[in-house]
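One structure is given here, and the rest of the page talks about it.
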Amino acid sequence: MDRRFEDRVAIVTGAASGIGAAIAARLHAEGAKVAVADLKAEAAQAAAAKLVADAGGEAIGIACDVGAEEQVEATVRAVLDRFGRVDVIVNNAGLMTFKTLAEFTGDDWLKVLRVDLLGAAFFTRQGFLHFGEKGGAIVNIASVHAVETSANAAPYSAAKAALLSLTRTSSIEGRDVAIRANAVLPGAIDTPMLWENPNVKSGAETIDKRDVGTPADIANAVAFLASEDARFITGTTLAVDGGRLARL
């Protein structure tokens, strides 16, 4: 495997399992020192230990509620204290809840927005503050729901749509300081979040097995966008959905 991230440091949020774990593993396998940021300390530390056991190198696990700005700041400080730099930030942490628009309260909305949008905004700010002179790469994990959505998931869909706008703004402001920002739109990915979706369970949303990808499919896309292979790509949105959006 290529070593595109040799001597580089990456932070991946929501990285103890699922898509985040696959992203962390891919970046680590390509030489990155990885900070696994996840809500629970034990899960984050176990995931980081697995990276080192599987591929050597260095990784740390850090407890971080991405919706709490002070925890985001503390996470970045811990990474700088340990590795001395930050080069890549992957905003993957996500929360999806299911109710009708009439049932969602303000607190319900804020709970999702803090994780799915503000968490990415907080880490983006830290990237702008702490990427080195050579800049860095931000990859935001959005969703096909940002473009085509379904009933009963309004806060998630709205947050992911806003995340695409944040990505574009980040690319504009990052241009003069060598910071690139791009977004990935995962489709149906084989994770508990997909199969525990009430719309899928009820049959309201049908999933063709041919449309189901793996976490590694998303990790492959992220590794490309975060690498120098994508040095001339910024402000873009890459759908990784098996062509599902083309048919919606």
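Readers should treat all values here as calculations from the given coordinates under stated rules, not as data from a laboratory. The shown structure was predicted, so the numbers you read here are calculated from the model rather than taken from an experiment. Ideal geometry is used to build each Cβ from the backbone, glycine not excepted, and the neighbour counts take in all protein chains shown.
Hey, what do the phi angles of region 110-123 turn into as Karplus ³J(HN,Hα) couplings, whole Hz, using 6.51/-1.76/1.60 and θ = phi - 60°, x for Gly and Pro?
With the stated coefficients, region 110-123 comes to 5, 4, 6, 4, 4, 7, 7, 10, 5, x, 5, 5, 5, 5 Hz.
Relative to the Cα centre, what is the charge dipole magnitude of the chain, using +1 at the beta carbon of each Lys and Arg, -1 at the beta carbon of each Asp and Glu, and rounding to the nearest 20 debye?
On the way: 25 positive and 31 negative charges, 58 e Å.
Around 280 debye, computed over the chain.
Have a look at Pro155, Ala29, Pro186 and report the one farthest towards the positive end of the charge dipole of region 9-239, computed about the Cα centre with Cβ charges (Lys/Arg +1, Asp/Glu -1).
It is Ala29, whose Cα lies furthest towards the positive end.
For region 9-239, what is the number of Lys pairs with C-alpha distance below 21 angstrom, counting only pairs 8 or more positions apart or on separate chains?
Going through region 9-239 pair by pair, I get 9.
How big is the convex hull of the Cα atoms of region 9-239, per residue, in Å³?
Details: hull volume 26.9 nm³, N = 231.
Convex hull of Cα atoms, per residue: 116 Å³.
Once phi is turned into θ = phi - 60°, what whole-Hz ³J(HN,Hα) does the Karplus curve with 6.51, -1.76 and 1.60 give for every residue of region 139-147, x standing for Gly and Pro?
3J(HN,Hα) across region 139-147, in whole Hz: 10, 9, 8, 8, 5, 4, 5, 5, 10.
Restricting to the chain, compute how many DSSP beta bridges are antiparallel as a %, nearest 5. Don't skip to the end; give the middle numbers.
Working: 1 of 30 bridges.
Bridges in the chain are about 5 percent antiparallel.
Which one, Gly135, Gly94, Leu110, projects farthest toward the positive side of the charge dipole computed for region 89-138 from Cβ point charges (K/R +1, D/E -1)?
Farthest along the dipole direction, towards plus: Gly135.
Go through Pro215, Phe232, Gly67 and say which Cα lies farthest out towards the positive end of the charge dipole of the chain; charges sit on Cβ, +1 for Lys and Arg, -1 for Asp and Glu.
Phe232
What is the gain in length, in nm to one decimal, between Thr169 and Asp211 on full extension, counting 0.36 nm per residue of separation less the C-alpha to C-alpha distance?
Details: separation 42, 0.36 × 42 = 15.12 nm, distance 3.07 nm.
Result: 12.0 nm gained on full extension.
Could you tell me how many degrees, from 0 to 90 and to the nearest 10, lie between the Cα long axis of helix 18-29 and the main elongation axis, the longest principal axis, of the Cα atoms of the chain?
Taking the Cα atoms of the chain, the angle to 18-29 is about 20 degrees.
Whose amide H sits under 5 Å from the amide H of Gly136, counting only residues 5 or more places off or on another chain, with H placed in the peptide plane?
For Gly136, whose amide H was placed from the backbone, the distant partners under 5 Å are Ile179, Arg180.
Which angle between 0 and 90 degrees, to the nearest 10, do you get for helix 41-55 versus the longest principal axis of the chain when only C-alpha atoms count?
Long axis of 41-55 versus the principal axis of the chain: about 60 degrees.
Using a Gaussian network model of the chain with C-alpha springs under 10 Å, which one of Lys209, Lys111, Lys40 is most mobile by mean-square fluctuation?
Result: Lys209 has the largest fluctuation of those listed.
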